[in-house]
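Right, one structure below, let's go through it.
The values are calculated or read from the model by the stated rules, or taken from the named source; none is laboratory data. Keep in mind that this is a model prediction, so the values were computed, not measured. Methodologically, a virtual Cβ is constructed for each residue, glycine included, from the backbone with ideal geometry; neighbour enumeration extends over all protein chains shown. Areas reflect the complete protein model, heavy atoms only, side chains present, ligands, DNA and RNA absent. Shrake-Rupley method; radii C 1.70, N 1.55, O 1.52, S 1.80 Å.
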Amino acid sequence: MTRRRIAAANWKMNTTPGEGAALATQLAEATFDSEMIVAVPATHLDRIGQVFKNQQNIKLAAQNVWYEPKGAYTGEISTAMLLDCGVSYVLVGHSERRQIFGEDSDLLVKKMNAAFEAGLDVIYCCGEPLDARDANQQQYYVNGQLTRELATLPFEYLDRLIIAYEPIWAIGTGRTASPEQAQEMHASIRLFLETTFGAVTAQKTPILYGGSVKPANAKMIFAQADVDGGLVGGASLQSDSFVEIANSFSS
Ligand code: PGA
(Lines give C-alpha, C1' and ligand atoms only; values in the text may rest on other atoms or scores of the structure.)
Protein backbone atom coordinates (compact mmCIF):
# COMPACT_ATOMS: atom_id res chain seq x y z
CA MET A 1 0.00 0.00 0.00
CA THR A 2 1.38 3.43 -0.86
CA ARG A 3 0.93 5.95 1.88
CA ARG A 4 0.51 9.72 1.69
CA ARG A 5 3.73 11.75 1.53
CA ILE A 6 3.50 14.81 3.72
CA ALA A 7 5.73 17.80 4.37
CA ALA A 8 4.30 19.61 7.39
CA ALA A 9 5.58 22.99 8.57
CA ASN A 10 5.40 24.21 12.14
CA TRP A 11 6.17 27.92 12.25
CA LYS A 12 5.75 27.99 16.05
CA MET A 13 5.76 31.59 17.38
CA ASN A 14 7.60 33.05 14.41
CA THR A 15 6.74 35.68 11.76
CA THR A 16 4.30 38.56 11.96
CA PRO A 17 0.99 38.11 10.13
CA GLY A 18 2.38 40.14 7.22
CA GLU A 19 5.59 38.12 7.01
CA GLY A 20 3.57 34.93 7.32
CA ALA A 21 1.24 35.93 4.48
CA ALA A 22 4.26 36.61 2.26
CA LEU A 23 5.79 33.22 3.11
CA ALA A 24 2.47 31.46 2.52
CA THR A 25 2.14 33.16 -0.87
CA GLN A 26 5.60 31.90 -1.85
CA LEU A 27 4.60 28.36 -0.88
CA ALA A 28 1.33 28.66 -2.82
CA GLU A 29 3.32 29.61 -5.93
CA ALA A 30 5.90 26.82 -5.55
CA THR A 31 6.03 23.46 -7.27
CA PHE A 32 6.39 20.31 -5.19
CA ASP A 33 5.29 16.73 -5.36
CA SER A 34 3.97 15.95 -1.90
CA GLU A 35 1.17 17.18 0.34
CA MET A 36 2.04 20.31 2.31
CA ILE A 37 0.45 21.17 5.66
CA VAL A 38 1.40 24.49 7.24
CA ALA A 39 0.82 25.18 10.95
CA VAL A 40 0.88 28.92 11.54
CA PRO A 41 0.28 31.15 14.59
CA ALA A 42 -3.36 31.80 15.47
CA THR A 43 -3.13 35.46 14.44
CA HIS A 44 -2.29 34.37 10.88
CA LEU A 45 -4.99 31.78 10.32
CA ASP A 46 -7.71 33.91 8.78
CA ARG A 47 -5.37 35.66 6.36
CA ILE A 48 -3.44 32.57 5.30
CA GLY A 49 -6.70 30.67 5.00
CA GLN A 50 -7.47 33.05 2.15
CA VAL A 51 -4.04 32.49 0.57
CA PHE A 52 -4.47 28.70 0.60
CA LYS A 53 -8.17 28.74 -0.26
CA ASN A 54 -7.95 27.25 -3.76
CA GLN A 55 -4.79 25.22 -3.22
CA GLN A 56 -5.13 21.49 -3.77
CA ASN A 57 -1.86 20.40 -2.17
CA ILE A 58 -1.44 22.89 0.66
CA LYS A 59 -3.61 22.77 3.74
CA LEU A 60 -3.71 25.04 6.75
CA ALA A 61 -3.09 23.82 10.29
CA ALA A 62 -3.52 25.41 13.70
CA GLN A 63 -0.93 24.89 16.42
CA ASN A 64 -3.49 24.61 19.21
CA VAL A 65 -7.20 24.20 19.96
CA TRP A 66 -9.42 24.10 23.04
CA TYR A 67 -11.84 21.25 23.58
CA GLU A 68 -14.95 23.12 24.74
CA PRO A 69 -17.13 24.55 21.96
CA LYS A 70 -17.31 28.07 23.41
CA GLY A 71 -17.55 30.12 26.58
CA ALA A 72 -15.40 31.57 29.32
CA TYR A 73 -11.94 30.31 28.26
CA THR A 74 -9.91 33.48 27.97
CA GLY A 75 -7.17 33.18 25.39
CA GLU A 76 -8.35 29.91 23.90
CA ILE A 77 -9.55 29.03 20.39
CA SER A 78 -12.45 26.75 19.48
CA THR A 79 -12.81 24.27 16.65
CA ALA A 80 -15.55 26.41 15.06
CA MET A 81 -13.21 29.41 15.00
CA LEU A 82 -10.52 27.33 13.30
CA LEU A 83 -12.91 25.89 10.72
CA ASP A 84 -14.20 29.36 9.86
CA CYS A 85 -10.59 30.42 9.07
CA GLY A 86 -10.16 27.54 6.63
CA VAL A 87 -8.16 25.30 8.96
CA SER A 88 -8.05 21.57 8.11
CA TYR A 89 -5.56 20.23 10.68
CA VAL A 90 -4.52 20.87 14.23
CA LEU A 91 -1.31 19.91 16.06
CA VAL A 92 -1.92 18.10 19.34
CA GLY A 93 0.72 16.90 21.78
CA HIS A 94 3.71 18.87 20.55
CA SER A 95 6.50 18.55 23.13
CA GLU A 96 6.56 22.32 23.62
CA ARG A 97 2.87 22.24 24.60
CA ARG A 98 3.57 19.31 26.92
CA GLN A 99 6.70 20.75 28.54
CA ILE A 100 6.20 24.52 28.59
CA PHE A 101 2.42 24.61 28.95
CA GLY A 102 2.01 21.47 31.04
CA GLU A 103 -0.45 19.69 28.74
CA ASP A 104 -1.00 16.16 30.00
CA SER A 105 -2.41 13.02 28.40
CA ASP A 106 -5.98 13.62 29.62
CA LEU A 107 -6.05 17.07 28.07
CA LEU A 108 -4.54 15.84 24.80
CA VAL A 109 -7.20 13.15 24.50
CA LYS A 110 -9.94 15.75 25.03
CA LYS A 111 -8.40 18.07 22.45
CA MET A 112 -8.04 15.29 19.88
CA ASN A 113 -11.58 14.07 20.31
CA ALA A 114 -12.99 17.61 20.07
CA ALA A 115 -10.97 18.29 16.91
CA PHE A 116 -12.00 15.06 15.21
CA GLU A 117 -15.61 15.48 16.20
CA ALA A 118 -15.64 18.96 14.66
CA GLY A 119 -14.22 17.62 11.39
CA LEU A 120 -10.59 18.67 11.82
CA ASP A 121 -7.76 16.24 11.15
CA VAL A 122 -5.10 15.82 13.82
CA ILE A 123 -1.32 15.72 13.68
CA TYR A 124 -0.54 14.00 16.96
CA CYS A 125 3.03 14.44 18.20
CA CYS A 126 4.96 12.07 20.43
CA GLY A 127 8.61 11.53 21.27
CA GLU A 128 11.03 10.84 24.07
CA PRO A 129 13.28 13.19 26.07
CA LEU A 130 17.05 12.78 26.09
CA ASP A 131 17.22 10.87 29.36
CA ALA A 132 14.86 8.21 28.01
CA ARG A 133 16.99 7.91 24.86
CA ASP A 134 20.21 7.72 26.90
CA ALA A 135 18.68 4.92 28.96
CA ASN A 136 17.62 3.14 25.74
CA GLN A 137 13.98 3.46 26.89
CA GLN A 138 12.71 5.36 23.84
CA GLN A 139 10.33 2.66 22.60
CA TYR A 140 8.96 2.08 26.07
CA TYR A 141 8.49 5.84 26.59
CA VAL A 142 6.70 6.48 23.29
CA ASN A 143 4.57 3.37 23.67
CA GLY A 144 3.41 4.77 26.99
CA GLN A 145 2.36 8.01 25.30
CA LEU A 146 0.55 6.15 22.53
CA THR A 147 -1.21 3.86 25.00
CA ARG A 148 -2.43 6.73 27.16
CA GLU A 149 -3.34 9.08 24.33
CA LEU A 150 -4.28 7.09 21.24
CA ALA A 151 -5.52 3.70 22.36
CA THR A 152 -9.03 4.95 23.23
CA LEU A 153 -9.50 6.91 20.02
CA PRO A 154 -12.78 5.92 18.33
CA PHE A 155 -12.17 3.82 15.24
CA GLU A 156 -14.07 6.22 12.99
CA TYR A 157 -11.43 8.93 13.51
CA LEU A 158 -8.38 6.87 12.65
CA ASP A 159 -8.26 7.67 8.96
CA ARG A 160 -7.91 11.36 9.87
CA LEU A 161 -4.94 10.81 12.15
CA ILE A 162 -1.34 11.68 11.28
CA ILE A 163 1.38 10.83 13.78
CA ALA A 164 4.58 12.85 14.13
CA TYR A 165 7.45 11.20 15.96
CA GLU A 166 9.64 13.97 17.33
CA PRO A 167 12.45 13.02 19.71
CA ILE A 168 12.70 16.00 22.04
CA TRP A 169 16.49 15.98 21.99
CA ALA A 170 16.37 16.59 18.23
CA ILE A 171 13.92 19.52 18.21
CA GLY A 172 15.56 22.83 17.43
CA THR A 173 18.94 21.46 18.47
CA GLY A 174 20.47 20.71 15.10
CA ARG A 175 20.88 17.14 16.33
CA THR A 176 18.80 14.91 14.07
CA ALA A 177 17.94 11.30 14.73
CA SER A 178 19.86 9.11 12.31
CA PRO A 179 17.74 7.59 9.54
CA GLU A 180 18.12 4.24 11.33
CA GLN A 181 16.97 5.67 14.67
CA ALA A 182 13.95 7.27 12.97
CA GLN A 183 13.07 4.06 11.13
CA GLU A 184 13.33 1.98 14.31
CA MET A 185 10.90 4.25 16.15
CA HIS A 186 8.50 4.57 13.22
CA ALA A 187 8.38 0.80 12.90
CA SER A 188 7.68 0.54 16.60
CA ILE A 189 4.85 3.10 16.33
CA ARG A 190 3.41 1.21 13.36
CA LEU A 191 3.54 -1.99 15.37
CA PHE A 192 1.58 -0.25 18.14
CA LEU A 193 -1.03 0.77 15.55
CA GLU A 194 -1.25 -2.77 14.25
CA THR A 195 -1.62 -4.32 17.67
CA THR A 196 -4.15 -1.73 18.82
CA PHE A 197 -6.19 -0.99 15.71
CA GLY A 198 -5.30 -3.66 13.16
CA ALA A 199 -3.16 -4.03 10.06
CA VAL A 200 -5.16 -1.74 7.77
CA THR A 201 -4.87 1.27 10.09
CA ALA A 202 -1.21 0.50 10.69
CA GLN A 203 -0.49 0.41 6.97
CA LYS A 204 -2.30 3.57 6.01
CA THR A 205 -1.53 5.96 8.90
CA PRO A 206 1.14 8.50 7.90
CA ILE A 207 3.99 8.74 10.42
CA LEU A 208 6.13 11.87 10.05
CA TYR A 209 9.56 12.45 11.54
CA GLY A 210 10.30 15.77 13.26
CA GLY A 211 13.45 17.20 14.81
CA SER A 212 15.97 19.32 12.89
CA VAL A 213 14.80 18.17 9.46
CA LYS A 214 16.73 20.19 6.85
CA PRO A 215 17.16 20.04 3.08
CA ALA A 216 20.51 18.29 3.71
CA ASN A 217 19.04 15.37 5.68
CA ALA A 218 15.43 15.09 4.47
CA LYS A 219 16.12 12.67 1.59
CA MET A 220 17.86 10.13 3.80
CA ILE A 221 15.17 10.29 6.46
CA PHE A 222 12.24 10.18 4.02
CA ALA A 223 13.80 7.19 2.27
CA GLN A 224 13.14 5.00 5.33
CA ALA A 225 10.34 2.49 4.86
CA ASP A 226 8.14 3.73 7.69
CA VAL A 227 8.85 7.46 7.39
CA ASP A 228 6.09 9.19 5.42
CA GLY A 229 7.37 12.74 5.64
CA GLY A 230 8.42 15.38 8.12
CA LEU A 231 7.19 17.92 10.62
CA VAL A 232 9.60 20.80 10.14
CA GLY A 233 10.19 23.77 12.43
CA GLY A 234 13.20 25.99 11.76
CA ALA A 235 13.72 24.94 8.13
CA SER A 236 10.09 25.71 7.27
CA LEU A 237 10.54 29.46 7.84
CA GLN A 238 12.21 29.94 4.45
CA SER A 239 10.15 28.92 1.44
CA ASP A 240 13.19 27.65 -0.51
CA SER A 241 14.30 25.23 2.17
CA PHE A 242 10.79 24.00 2.95
CA VAL A 243 9.96 23.46 -0.72
CA GLU A 244 13.23 21.56 -1.10
CA ILE A 245 12.23 19.36 1.82
CA ALA A 246 8.79 18.83 0.25
CA ASN A 247 10.61 17.63 -2.88
CA SER A 248 12.85 15.21 -0.99
CA PHE A 249 10.69 12.11 -1.44
CA SER A 250 12.13 9.48 -3.71
CA SER A 251 10.04 9.04 -6.82
P1 PGA B 1 12.73 21.80 14.31
O2 PGA B 1 11.27 21.68 14.98
O3 PGA B 1 12.59 21.34 12.88
O4 PGA B 1 13.09 23.27 14.41
O5 PGA B 1 13.65 20.92 15.08
C6 PGA B 1 10.44 20.58 14.72
C7 PGA B 1 9.17 20.67 15.54
O8 PGA B 1 9.24 21.05 16.72
O9 PGA B 1 8.07 20.38 15.05
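Looking at the calculated P(r) for segment 6-246, what percent of the C-alpha pair distances fall above 29 Å?
Details: 6632 of 28920 pairs.
Here the long-distance tail beyond 29 Å is 23 percent of all Cα pairs in segment 6-246.
Quickly rank 224-233, 37-46 as a protection proxy: mean count of other C-beta atoms within 10 Å, highest first.
Working: 224-233: 23.6, 37-46: 21.9.
Descending mean neighbour count gives 224-233, 37-46.
Strictly greater than 23 Å: what percent of every Cα pair in segment 4-114 meets that? Don't skip to the answer; put the middle values down first.
Working: 1750 of 6105 pairs.
Taking all Cα-Cα pairs of segment 4-114, the fraction more than 23 Å apart is 29 percent.
Share of the chain's accessible area from carbon and sulfur, percent, 1.4 Å?
Roughly 51 percent, rounded to a whole number.
Using amide H atoms built in the peptide plane, which far-off residues or other-chain residues are under 5 Å from Ala30 H to H?
Distant-sequence amide H within range of Ala30: zero hits.
Leaving out ligands and nucleic acids, note down the accessible area per residue over the chain with a 1.4 angstrom probe, in whole Å². Each step should come with its number before you reach the end.
Values: 11240 Å² over 251 residues.
Ligands and nucleic acids excluded, the result is 45 Å² per residue.
Taking the mean number of other Cβ atoms within 10 Å as a proxy for protection, how do you rank 191-203, 103-115, 65-77, 162-174 from highest to lowest? Spell out each step's value before the answer.
Working: 191-203: 15.5, 103-115: 18.5, 65-77: 12.6, 162-174: 20.8.
Order by mean packing, descending: 162-174, 103-115, 191-203, 65-77.
With θ set to phi - 60° and the Karplus curve 6.51 cos²θ - 1.76 cosθ + 1.60, what are the ³J(HN,Hα) couplings of segment 198-204 in order, to the nearest whole Hz, using x for Gly and Pro?
Running phi through 6.51 cos²θ - 1.76 cosθ + 1.60 with θ = phi - 60° gives x, 5, 5, 4, 4, 6, 9 Hz.
Out of residues 5 or more away from Ala9 or on other chains, whose amide H comes under 5 Å of its own, with H placed 1.01 Å from N in the peptide plane?
Ile37, Val38, Ala39, Val232
Given bins 5 angstrom wide, list per bin the percent of all Cα-Cα distances in segment 23-68, short to long.
5, 20, 34, 20, 12, 5, 2, 1
State the volume of the convex hull built on the alpha-carbon positions of segment 188-251, expressed per residue in Å³ and rounded to an integer.
On the way: hull volume 5.5 nm³, N = 64.
Measuring per residue, one finds 86 Å³ for the Cα hull of segment 188-251.
Of the listed peptides 6-17, 143-154, what is their order by residue-averaged count of other C-beta atoms within 10 Å, with the highest listed first?
On the way: 6-17: 20.4, 143-154: 15.9.
The packing order, highest mean first, is 6-17, 143-154.
Let me have the 222 nm mean residue ellipticity of the chain computed from DSSP H runs of 4+ only, each contributing -39500 (n - 2.57), with the sum over all residues rounded to the nearest 500. Intermediate values should be presented prior to the final figure.
Values: 11 runs with 105 residues, N = 251.
Calculated mean residue ellipticity at 222 nm is -12000 deg cm²/dmol.
Sequence-distant or interchain residues sharing an amide H contact under 5 Å with Glu128, placed H: which?
Ile168
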